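First up is the structure itself, then whatever we jot down about it.
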Amino acid sequence: MASIDEQPYSVSIPDSELDFLKKKLELSRFPDELEGAGWDYGVPLPHVKRLVEYWKDGFDWRKSEAALNRLPMYTRDIDVEGFGTLNIHYVHQKSDVANAIPLLFVHGWPGSFIEVRKLLPLLTAGGSDHPSFHVVAPSLPGFGFSQAPSKPGFKGPQYAEVVNKLMLALGYKEYVYQGGDWGYVLAQHVVTHYGHEHVKAWHTNMPVPKQPTLFKNPFLFMGMFFLSYDASSMKRVAHTKQQHLKGTGYFNEQATKPQTIGYSLADSPIGLLSWIYEKLILWTDEYPWTDEEDEVIEWISIYWFSRAGPGASTRIYYELTGGMTHDTSHGTEWSSVPFGASYFPKEIIQLPKSWSHTIGNLVFEADHDKGGHFTAFEQPDALAGDLRKMFGKGGPAHGVVPGKNGY
Amino acid sequence: MSFDSPVKEYPFTLHVPDADLDLLRRKLELAHLPDELQVRAESQWNYGVPLADVKRLVFRWKVGFDWRKFEAEINKLPMYTRDIFIDNFGSLNIHYVHRRSDVLDAIPLLFVHGWPGHFLEVRKLLPLLTEESVDHPSFHVVAVSLPGFAFSEAPTKPGFGAAQYAEVFNKLMISLGYEEYVYQGGDWGHVVLNLYGGRHVKAWHTNCPMTTPKLSTVLAHPSLIPRLFALPFDKDARDAIALTKKHFAVGCGYMIEQATRPQTLGYSLADSPVGLLAWIYEKLVTWSDEYPWTDDEVLEWVSIYWFSRAGPAASLRIYYEMSHGRTRDFFDGTQWIPIPTGVSYFPREIARLPKSWARFLGNVVYQGEHSQGGHFAAHEAPEKLAYDLRRMYGRDGPAFGVVPSRSGYMQR
């Protein structure tokens with residue numbers, strides 16, 4: 001049920017675009033591959049060939065499109081100071097529970113709004129034993145079916161402004177926030193600018209703490225010297241180091257030359273497919289993508305058919321790091337807004353859990369033994385479970401939104 | 001040009017099949033370009049290659065660029081191929097340019113390109129290095145296409161690293177009758193010196209003086225120690241360090257990706273001529289010193305990658321192999337050796353050692369400084385590079401006569 005003047009949105013990719021894609025796929029030129037390379041050098045050739053074949057001849061975009069259009073999707077013009085108006089695409093599903101907690105779900109890269117799909121029924125479901133949520137999942141500017149900014153300088157505060165204004169426009173003056181990847185980074189910006197007043201609590205599946213410092217976190221800092229980290233913390237750090245060494249090529253390129261890589265991603269569907277598929281496999285915890293080629297191709301197609309084109313989505317890396325000259329948390333501050341962290345074993349960045357306190361006012365933690373970076377997609381039950389625990393009766397963030405405790 | 005090569009050589013004629021030209025044209029006709037942020041003119045290159053450049057180049061490539069004309073010009077170069085057997089990797093068919101000087105005792109010189117370069121970078125140097133004169137030495141020039149680049153075969157198994165490249169270079173020179181020779185190149189040169197320096201490689205010159213300073217070098221050459229501490233007074237050193245730091249901070253996306261996931265990137269570069277064009281053109285412009293690239297010059301350059309024997313993805317693997325998937329420094333395992341070394345400093349080189357630290361590189365006997373030129377020195381400033389080589393190896397030079405009985409001059 002749409003609320004105040006919502007503009008329903010249907011995806012309808014023109015036939016000409018589908019034909020164009022098919023023509024391009026038919027002209028695919030593949031590289032060779034080293035014998036026995038496996039995954040060592042990147043995505044193996046047989047995977048790419050198989051997926052391209054399927055994309056070209058087997059995948060039914062119209063079927064995907066129809067299913068997407070069964071999601072409650074809308075668009076809305078949002079004014080952004082200094083950037084004019086951006087037309088923002090979003091999913092908005094209200095719970096039947098009148099006092100459901102408004103929740104803003106923010107995706108990252110190479111994610112999209114589609115990551116909320118499996119969470120929707122779980123979060124909006126009514127029930128006496130758990131809280132319910134009204135869920136809003138936007139496509140970030142430059143992703144999915146949202147417009148992209150046309151000028152440089154669209155940074156943390158601007159993304160924060162968009163998502164906050166969206167919630168306010170939907171009548172949610174106070175809400176909670178869930179995100180991973182850029183969803184995590186932007187949470188810090190949103191909370192810095194709108195914490196307490198609008199954002200009452202937030203949760204992440206990808207906490208990225210800072211190293212404790214003497215003045216900011218004296219106890220944790222001292223702990224670094226006097227307490228030895230347990231095996232699990234050491235394992236977490238080692239995993240992160242490995243990711244940093246071997247897995248940051250895309251980050252560095254996108255943060256310094258997004259336009260250059262953008263030409264490849266815009267012109268080559270198989271280039272785009274490989275670039276993204278690599279993350280779908282390496283960043284997940286044995287999610288059975290091979291059984292779900294439709295899921296992979298649909299995911300990639302959303303990038304290929306995105307409103308601003310796949311090249312636009314890389315620019316967030318440049319803007320949020322100043323072209324690789326600063327941290328993504330630059331301009332954010334530690335906030336006392338309550339936050340929760342869920343730890344999944346195959347998340348790409350993992351640091352000692354005790355350091356999560358450096359991020360914010362940690363009130364909730366949950367550990368899991370399965371799941372990776374695309375948590376909402378891989379482990380929707382676990383993630384929904386954590387949100388229910390955090391915001392439910394007896395939970396540490398119960399009732400943070402006055403008058404909307406979820407029951 | 002002299003054909004009195006002492007050994008049998010197998011001439012190579014480049015002929016890209018019509019079907020390949022046709023596929024390229026069809027892909028260019030389906031080119032799908034991104035948009036671009038509205039950026040001020042002076043910040044145009046901040047985000048990568050400007051859209052206007054790519055649009056113009058793609059259009060030219062599709063409509064005006066005449067590959068057959070350029071191919072015919074390339075075929076005027078003395079090109080050959082030869083099977084070189086590499087331990088554990090079997091035989092690779094290697095493409096190279098070989099021009100002998102009329103000077104019988106010319107110095108054999110191996111010219112090695114880097115990425116995203118190729119054998120054509122030697123083109124402008126050839127007449128300069130091979131010409132005869134009483135005033136300067138002459139060279140027999142061999143310019144090899146690295147395995148996996150241009151028209152050389154690529155290795156098919158993992159692990160083709162520094163030692164293998166060095167083996168190819170050395171075996172090629174020896175097979176051409178050059179038991180002893182000198183080496184010109186940057187980037188990937190260090191290991192060949194370690195393995196064959198002294199016995200085969202008699203001297204080395206680079207326009208890209210880079211290495212990771214090692215403690216062992218400092219200890220062996222104590223004169224370096226005061227130089228390391230002189231930073232506050234050594235403006236050149238501070239500039240060099242700042243330049244190098246900047247390159248590694250904001251100019252290294254390509255390098256990290258190629259050193260860790262060359263295959264993933266390779267799908268884009270193999271499939272999209274537009275993507276390949278942007279990827280390479282960015283370096284041609286940002287790494288050169290305002291060199292006035294013509295569109296056809298760029299397109300010829302990129303076409304070599306597009307039509308390369310092993311495809312553009314293969315050329316990326318060198319970064320992975322030389323760094324063991326980014327687990328080691330490129331210069332790991334190389335040692336300082338005493339063979340005479342020459343360096344040319346070009347102001348727009350992307351990264352370099354401070355001049356006062358040149359000794360980290362090797363037994364530096366010659367340093368040339370220039371006020372113009374960048375990373376692609378042989379292409380941008382061939383007369384300057386030739387000048388340095390002539391000074392280094394000439395009669396009054398510090399490396400004169402390094403190759404026994406090959407003085408570089410006519411016997412009179």
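The values are calculated or read from the model by the stated rules, or taken from the named source; none is laboratory data. For clarity, every value in this text was computed on a predicted model and none was experimentally measured. So basically every Cβ, Gly included, is an ideal-geometry build from the backbone, and we count neighbours across all protein chains shown. Ligands, DNA and RNA are excluded from the accessible area calculation, which covers all protein heavy atoms including side chains. Shrake-Rupley method; radii C 1.70, N 1.55, O 1.52, S 1.80 Å.
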Practice task
Alpha carbons only, please: Rg and Dmax for the protein assembly as shown, in angstrom.
Solution key: 29.5, 105
Handout entry: Where GluC sites (Glu not before Pro) fall in DSSP loop in the range A:233-309, at most 13 other Cβ within 10 Å
Key = A:286, A:292
Handout entry: Antiparallel content of DSSP bridges confined to chain A, in %, to 5
Key = 35 percent
Handout entry: For the range B:6-31, residues shielded by at least 50 square angstrom of accessible area compared with the chain on its own, probe 1.4 Å
Key = B:30
Practice task
Have a look at the range B:239-258 and report residues whose accessible surface goes down by 30 Å² or more when the remaining protein chains are included, against the chain on its own, probe 1.4 Å, ligands and DNA/RNA excluded.
Solution key: B:249, B:250, B:253, B:256, B:257
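Let me check something: with ligands and nucleic acids excluded, how do B:94, A:349 order by accessible area (1.4 Å probe), largest to smallest? Walk me through the intermediate numbers first.
Numbers: B:94 0, A:349 50 Å².
The most accessible residue leads, giving A:349, B:94.
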Problem - Cα-centre dipole for the protein assembly as shown with unit charges at Cβ (Lys and Arg positive, Asp and Glu negative), debye to 20 - result: 1440 debye
Practice task
Work from the charge dipole of chain B (Cβ charges, +1 for Lys and Arg, -1 for Asp and Glu, about the Cα centre) and give the residue of B:24, B:93, B:262 farthest towards its positive end.
Solution key: B:262
Completion exercise
In whole Hz, the Karplus estimates of ³J(HN,Hα) for the range A:20-31 (6.51, -1.76, 1.60; θ = phi - 60°; x where Gly or Pro) are 4, 4, 4, 4, 5, 4, 5, 8, 3, 10, 9, x
Handout entry: Estimated [θ] at 222 nm from DSSP helical runs (n ≥ 4, -39500 (n - 2.57)) normalised by residues in chain A, nearest 500
Key = -11000 deg cm²/dmol
Problem - Long-range amide H partners of residue A:117 with built H, under 5 Å - result: none
Exercise for the section: Give the percent of DSSP beta bridges with both residues in the protein assembly as shown that are antiparallel, rounded to the nearest 5. Expected result: 35 percent
Problem - Percent of beta bridges antiparallel (DSSP, the range B:1-155, rounded to nearest 5) - result: 70 percent
Completion exercise
Taking a probe of 1.4 Å and leaving out DNA, RNA and ligands, the range A:65-107 shows per residue an accessible area in Å² of 36 Å²
Problem - Reachable lysines from residue B:69, criterion Cα separation under 17 angstrom, eight or more residues apart if same chain - result: none
Exercise for the section: Tell me which residues come under 5 Å, amide H to amide H, from residue A:203 once H is placed; ignore anything under 5 positions away on its chain. Expected result: A:177, A:178, A:179, A:340
Completion exercise
For residue A:165, the lysines lying under 19 Å Cα to Cα, once residues fewer than eight places off in the same chain are dropped, come out as A:94, A:155, A:173, A:200
Handout entry: List B:289, B:35, A:79, ordered by accessible area with a 1.4 Å probe, largest first
Key = A:79, B:35, B:289
Problem - Surface per residue (accessible, 1.4 Å probe) for the range B:237-286, Å² - result: 23 Å²
Problem - Cα coordinate range in the range A:1-84, projected on the principal axes (Å, largest first) - result: 59, 32, 23
Exercise for the section: Just the number, please: buried accessible area between A and B, total of both chains, 1.4 angstrom probe, nearest 100 square angstrom. Expected result: 5400 Å²
Fill in the blank from the handout: Expressed as a percent, the accessible surface of chain A that is carbon or sulfur, using a 1.4 Å probe and the full set of protein chains, is 53 percent
Exercise for the section: Measure out, as a whole number of angstrom, how far apart the alpha-carbon centroids of the range B:338-390 and the range B:213-276 sit. Expected result: 16 Å
Handout entry: Amide H contacts under 5 Å for residue B:107, placed H, 5+ residues apart
Key = B:138, B:139, B:140, B:408
Exercise for the section: Summarise the partner chain shielding of A:110-116 as one whole number: the mean count of Cβ atoms from other chains within 10 Å of each residue's Cβ. Expected result: 0
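Given a cut-off of 32 Å, name the pairs among A:279/A:389; A:49/A:389; A:210/A:389 whose C-alpha atoms lie farther apart than that in the structure shown.
Values: A:279/A:389 29 Å; A:49/A:389 43 Å; A:210/A:389 26 Å.
Long pairs (Cα-Cα over 32 Å): A:49/A:389.
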Practice task
Calculate one ³J(HN,Hα) per residue across the range B:319-326 by plugging θ = phi - 60° into the Karplus curve 6.51 cos²θ - 1.76 cosθ + 1.60, and present them in order as whole Hz with x for glycine and proline.
Solution key: 5, 5, 5, 6, 10, 6, x, 6
Exercise for the section: Using a 1.4 Å probe over the heavy atoms of the protein chains, calculate the carbon and sulfur portion of the accessible area of the range B:292-407 as a whole percent. Expected result: 46 percent
Handout entry: Vicinal HN-Hα couplings computed from phi for the range B:402-412 (Karplus, 6.51 cos²θ - 1.76 cosθ + 1.60; Hz; Gly/Pro x)
Key = 4, 8, x, 6, 10, 6, x, 10, 5, 6, 10
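How many partner chain Cβ atoms sit within 10 Å of a residue's Cβ in peptide B:41-49, on average, as a whole number? Please list the in-between numbers first.
Details: counts 0, 0, 1, 1, 3, 7, 13, 13, 5.
Average per residue, whole number: 5.
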Completion exercise
Expected max-MSF residue from B:248, B:233, B:151 in the GNM of chain B (alpha carbon, under 10 Å) is B:233
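Got a sec? What order do B:86, B:337 fall in by accessible area at 1.4 Å, biggest, i.e. largest, first?
Numbers: B:86 0, B:337 35 Å².
Most to least solvent-accessible, the answer reads B:337, B:86.
May I ask you to give the solvent-accessible area per residue for the range A:311-357, in square angstrom, as obtained with a 1.4 angstrom probe? Present the calculation step by step, with values, prior to reporting the outcome.
Numbers: 1510 Å² over 47 residues.
Value for the range A:311-357: 32 Å² per residue.
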Completion exercise
Checked against a 28 Å limit on the C-alpha separation, the offending pairs among B:171/B:283; B:202/B:384; B:124/B:202; A:63/A:404; A:235/A:404 are B:171/B:283; A:63/A:404; A:235/A:404
Problem - Candidate lysines - alpha carbon under 19 Å from residue A:56, same-chain residues fewer than 8 apart omitted - result: A:22, A:23, A:24, B:27
Practice task
Go through A:364, A:51, A:303 and say which Cα lies farthest out towards the positive end of the charge dipole of chain A; charges sit on Cβ, +1 for Lys and Arg, -1 for Asp and Glu.
Solution key: A:364
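Work out the mean other chain Cβ neighbour count within 10 Å for the residues of A:41-54 and drop it here as an integer.
Working: counts 14, 12, 5, 2, 4, 0, 0, 5, 0, 0, 0, 2, 0, 0.
If you average over the peptide's residues, the count of other-chain Cβ atoms is 3.
Using a 1.4 angstrom probe on heavy atoms only, work out the carbon and sulfur share of the accessible area of the range B:152-272 in %. Kindly include the intermediate steps, with their values, before the conclusion.
Details: 2820 of 4290 Å².
Taking all protein chains in place, the range B:152-272 shows 66 percent carbon and sulfur surface.
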